[in-house]
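Everything below concerns the one structure shown next.
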Amino acid sequence: MLDGKKEKLNQTKINKEKYIEKLEKKLNYSINKVENMEDRLKNYDKYMDYMGNPEKTSSLFTESSNQLNENEKNELKGKFKIAHSKGSIMWQDVISFDNRWLEENGLYDAKSHTVDENRLKDIVRLSMKEMLKKESMDKHVIWSGAIHYNTDNIHVHIATVEPSPTRERGKRKLKSLESMKSKVVNNIMDRSQAQKKINDLIRNRMVNSKKSDSTLSFKNRKFKKDFLEIFHALPEDRRQWSYGYNSLSSIKPKIDKMSRDYIEKYHKKDFENLIEKLDKEVEVYKKTYGSSDKKRYENYKDNKVDELYKRMGNAFLQEMKQYDNSVKAKLVQEKVNGNSRNRKEVFKDNLGFNQIKYGIDRMLNSEYKNWKNQLAYEKLQQDIDMER
C-alpha cells in the first residue's frame, strides 16, 4: 500500500515538473517574441532612416507623393511602427539600373549625374501597382521608396508593410517579381511604337491582305491544289476549323507550307522587314536583361513568326468555311431544282467558274487598257499636228 502511495506521489511530481517546463517554454517564447519585435522595430527605424538619408537620396516618395517633408516622414514612420507592432513583414526591394542604359533611354545625364526623378518615380509606382495586384495586396499595403545615388549604379529602395497583416510568410511569387521588373523596363524603353510596327506588318500588311485575296482566283491557281487538299482533310465539325485545334495537328504542316508559299510570292519584302525588326527587338531586350535572363527574349522572335503563321493559317481556314458555305448553298439549290449532283461535281463547277470569270475579267481589262492607250496616242498625234 505504501508502495502505491509512493508511486502516485512520484507521478504527481513528474506531472508538475512537465507543467512547469511547459510554462517556462511559453514564457521564453513570449520573451523572445517581444525581443524580436523590439529588434524588428529597431531595424525598421534603421531601414527607414537609411532610405531617407540625405547623403544617399534627394527625398522619400510614396504612392501619392513625390517628396515627403519632415512631418510626413514622421507620420509614415509611425504607420510603419504600428504595422510592425501587429506583426507585419517588411518587404524590401531594390531596383538597380545600368547608368549607361538609363542615359540611352533619356532618363540620366552623366555630366551632371542626375536622373529624371519624377519620371522614374512614376515608373516605380506602375511597377509596384503591377506586383501588388498580382499578389492580391494592392488594397491593403503602404510603401515608400527612395532613389539612391551613393553607388556606381543608380538604384531605388522600396519598403512595403501591411497595416493589418494578412501574411505570416514573406515569400512572393516569382511571376509577380518578374512582372514588376518587366513593367519598369517596358516603361523606360517604351518599345510600343516598334512593337506596333511589327504587329502592323503581321496583321495588316500580310494577313489582312490575304483575307481580301481569294485563293481560288486564277492568279492564285498555284495554291489551288494545296487549298483543296487541306479542305478535304478538315474534320466534319466546322467549329474545329481553327488553327489552334489539336484535331488539325496532322494538316498544320500543309497549312504552314501554303502560308509560307503565299508569303514568299506576295510578301517577301514584308517578311524580310519583319525579321529585321524582330532581330532588332531581340538585341534591345538582350542588352537590357543580359545573358542571365534569356527567357525574357530568347523565344520572342519565334513566337512572333508563329503568330504570323497562325493568323495566316486562320485566314485560309476562314476562306475554306466560306467556300464550304457556297458549295452547300449550291447543293441545296440544285436539290430544289431537281438535280442530284454530289459535292465533288459542284467543287469542279465552282473552280471552273472562278477560272472563266478571271479569264473574262483579264480579257476585258486588256481591251480597256488598249482602248485607253489608243485614245492617248490619237490625242498626242492631234497635239503634234496642231503645233505644226
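What follows is calculated from the coordinates using simple rules that are stated; it is not laboratory data. None of these values were measured; they are calculated from a predicted model. Please note: Cβ atoms are built from the backbone with ideal geometry, for glycine as well, and neighbour counts cover all protein chains shown.
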Could you check the simple spin-label distance between N246 and K225, using points 7 Å along Cα→Cβ, in nm with one decimal? 3.4
Least to most buried among L120, L102 (fewest other Cβ within 10 Å first): L102, L120
Treat each spin label as a single point 7 Å out from the Cα along the C-beta direction, and report the R191 to V284 distance in nm. 0.6
Report, by chain and number, residues whose modeled amide H sits under 5 Å from the one on L60, excluding near sequence neighbours (fewer than 5 apart, same chain). L68
Run the numbers for S212 and K111: contour at 0.36 nm per residue of separation, minus the present Cα-Cα distance, in nm. 30.9 nm
According to a simple spin-label model (label point 7 Å from Cα along Cα-to-Cβ), what is the distance in nm between K257 and R203? 3.1
Karplus-derived 3J(HN,Hα) from phi for segment 277-289 (6.51 cos²θ - 1.76 cosθ + 1.60, θ = phi - 60°), whole Hz, x at Gly and Pro, runs 5, 5, 4, 5, 4, 4, 5, 4, 5, 4, 5, 6, 8
Once you charge only the Cβ atoms, +1 for Lys and Arg and -1 for Asp and Glu, what is the size of the charge dipole of segment 71-190 about its Cα centre, to the nearest 20 debye? 760
Give a residue-ordered list of calculated ³J(HN,Hα) values for segment 74-82 (Karplus: 6.51 cos²θ - 1.76 cosθ + 1.60, θ = phi - 60°; whole Hz; x for Gly, Pro). 5, 5, 5, 4, x, 5, 5, 5, 4
What number, in percent, do you get for the relative contact order of segment 103-255 if the mean sequence gap of Cα pairs under 8 Å and at least 6 apart is divided by its residue count? 17
For an R0 of 41 angstrom, estimate the FRET efficiency from the Cβ-Cβ distance between Q333 and D306 and round to the nearest 0.05. 0.50
Taking H placed 1.01 Å from N in the peptide plane, check which residues at least 5 places from H148 or on another chain put their amide H under 5 Å from its amide H. H155, V156, H157
Between segment 190-261 and segment 144-175, the Cα center-to-center distance that results, in Å: 47
Q67 label point, 7 Å along Cα→Cβ, cut-off 18 Å on backbone N: hits in segment 138-157? 145-149
What does the highest-first list of 59-65, 217-223 look like by mean Cβ count within 10 Å? 59-65, 217-223
